[in-house]
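Laboratory data are not the source of any read-out in this text; all were calculated from the coordinates shown. The structure presented is a predicted model; accordingly, all values stated were derived computationally and were not measured. When we count neighbours, we look across all protein chains shown, and the Cβ atoms used for this are built from the backbone with ideal geometry, even at glycine.
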Amino acid sequence: MEGALQMLATRLSTARRVVVLTGAGVSAESGLRTFRGATKEDLPPDMRTLWAEFDPATLATPEAFAADPEKVTRWYDWRRIGCLAAEPNPGHLALAEMERKIVARGGEFSLFTQNVDRLHQRAGSTRVFELHGSIIDWRCTETGRKFTPPEERMPHYPAKSPFHPGGLLRPDVVWFGEQLPEDVLLEAMTRSRSCDVFISVGTSAVVYPAAGFVSLASAEGAFTAEVNLEATANSRAVDAAIAGRSGDLLPRVVRAAFGRDS
Ligand code: OAD
């Protein structure tokens, strides 16, 4: 693994265009539960991965919201409060540092995230594209207008829209069965195809289209790497598969690529 980490660092040290794709694993060390991954069945349900305790079909689809808006709103508000209470970890901070180093020498850096928690932005990353929206913002079901609820639990479930008498608030996330924001998807595909280095961090690589970006990068000759706690469907296809926690590994990658003071 040391070899793979060093290989990635060497490529990064001269790269002109870098694309990073992140998933729930990068926020695991901030205390936020991932959706999937090795889960010990003997753990209490509230310590397992989210989709091992909850059924996405009854929580993360437009049909689930239409059928039971109270339940869906309550669950997303519980997660929103958890995201607001969490702090960025060394993995988020290392990606913000990576951006600064690459931009400072005239390079291009883009961070595409499937995460809805805003921890990358809070860590200082500025070139963040949210593929699955954000749980911190909500929107009116009738007008589409966005709203950032106060940093406390909502007083009622479901939450009434402040913009339309018949409207409800729903999280501004992309549910299963919904389209990703077209402009963000286009940016992701274009930048994946034209980068020199593509790094996938903390994602199980099972949810498309994000899981396919690494193949677009690799088909155009980019150096591809994965930093993940366990092997994924992409591990064998990337040039460097680095197994472990992103909060440990990303600061080491950044130090090895850009120097000790990083
Ligand atoms: P997943 O929960 O599917 O995958 C998280 C990955 O991170 C797993 O492979 C874990 O092994 C790994 N992991 C856990 N802790 C880690 C750590 N400290 N460092 C590095 N890796 C770690 O999350 P995503 O791939 O982001 O969508 O999931 C994609 C989408 O599926 C989500 O956006 C969400 C979910 O259903 C919707 O809700 C629509």
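Below are the figures for this structure:
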read-out: Glu63-Ala104 pseudo-label distance in nm [points 7 Å out on the Cα-to-Cβ vector]; value: 5.2
read-out: Mean Cβ neighbour count within 10 Å, used as a protection proxy, ranking 93-101, 218-226 highest first; value: 93-101, 218-226
read-out: Cα-projected label distance for Phe163 with Ala233, points at 7 Å along beta-carbon direction, nm; value: 3.5
read-out: Magnitude of the charge dipole, the range 144-207, Cβ model with Lys/Arg +1 and Asp/Glu -1, debye to 20; value: 240
read-out: Order of Phe109, Phe213, Phe129 under a 10 Å beta carbon neighbour criterion, fewest first; value: Phe129, Phe109, Phe213
read-out: Ranked list, fewest to most other Cβ atoms within 10 Å of each Cβ, for Met154, Met47, Met189; value: Met47, Met189, Met154
read-out: Alpha-carbon radius of gyration plus Dmax, which is the widest Cα pair, for the range 135-204 in Å; value: 16.6, 50
read-out: Kirkwood estimate for the range 52-134, i.e. one over the average of 1/r between Cα atoms, Å; value: 14.6
read-out: Approximate shape of the range 121-262 as ellipsoid semi-axes (Cα gyration tensor, √5λ), whole Å, largest first; value: 35, 19, 14
read-out: Ordering of 227-234, 62-69 by burial proxy (mean other Cβ atoms within 10 Å per residue, highest first); value: 227-234, 62-69
read-out: Kirkwood Rh in Å, taken over the range 88-140 so that all alpha-carbon pairs contribute; value: 11.6
read-out: Derived scalar couplings ³J(HN,Hα) [the range 142-150; Karplus, 6.51 cos²θ - 1.76 cosθ + 1.60; whole Hz; x for Gly, Pro]; value: 8, 9, x, 5, 7, 8, 9, x, x
read-out: For the range 213-262, convex hull volume per residue from C-alpha positions, Å³; value: 81
read-out: Dimensionless Rg ratio for the chain, taking C-alpha atoms and the 2.2 N^0.38 Å reference; value: 1.03
read-out: Cα→Cβ-extended label distance, 7 Å offset, between Arg255 and Glu87, nm; value: 2.0
read-out: Amide H contacts of Gly244 (H built 1.01 Å from N, under 5 Å, at least 5 apart or other chain); value: Asn228, Leu229, Glu230
read-out: Rg/Rg_ref, the range 1-145, where Rg_ref = 2.2 N^0.38 Å and atoms are Cα; value: 1.22
read-out: Relative contact order of the chain, pairs being alpha-carbon contacts under 8 Å that are 6 or more residues apart, as %; value: 26
read-out: In the chain, lysine pairs closer than 29 Å at Cα, eight or more apart or cross-chain; value: 4
read-out: Amide H contacts under 5 Å for Ser200, placed H, 5+ residues apart; value: Leu21, Ala225, Glu226, Val227
